[in-house]
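Quick notes on the structure that follows.
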Amino acid sequence: MARKETAHPDYHFIKVVMTNGTEFETRSTYGKEGDKLNLDIDPNTHPAWTGGQQQLLDRGGRLSRFNSKFGNMAFKK
């Protein structure tokens, strides 16, 4: 059985530009050969990757409403 060429994406080299300006080359299906991918969020400084402090934003009072509704519940094991 012959393999379909269209079943596999084009896998090529691109340059990734970090927020501090450093670059590295990697293989990707993004864009085309030689394209640059400029990162808006840098894994070297973003709290999701560094384990920094996360803050919960209370937009529209949703967090306050949740806490007032369910904050006094005790769960037994």
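Selection within region 9-30: residues that are in contact with a Ser or Thr (Cβ under 9 Å, 6 or more places away or on another chain) and of a type in the set (V, I, T). The member of this set that is nearest to P43 (Cα to Cα) is T19.
In this structure, is R27 at pLDDT 95 or above and exposed (fewer than 10 other Cβ atoms within 10 Å of the Cβ)?
Details: at pLDDT 95 or above: yes; exposed (fewer than 10 other Cβ atoms within 10 Å of the Cβ): yes.
Judged against the criteria, R27 is a match.
Look through region 45-77, keep the residues that are among the basic types (K, R) and surrounded by 10 or more Cβ atoms within 10 Å (Cβ to Cβ), and return whichever of them is modelled with the lowest pLDDT.
Here the answer is R62.
So, D42, is that one of a type in the set (D, E) and either at pLDDT 75 or above or surrounded by fewer than 11 Cβ atoms within 10 Å (Cβ to Cβ) (or both) or not? For D42, the condition - of a type in the set (D, E) and either at pLDDT 75 or above or surrounded by fewer than 11 Cβ atoms within 10 Å (Cβ to Cβ) (or both) - is met.
The values are calculated or read from the model by the stated rules, or taken from the named source; none is laboratory data. Worth saying up front: this structure is predicted, and the values here are computed from it rather than measured. Here the Cβ is made from the backbone with ideal geometry for all residues, glycine too, and neighbour counts use every protein chain on show.
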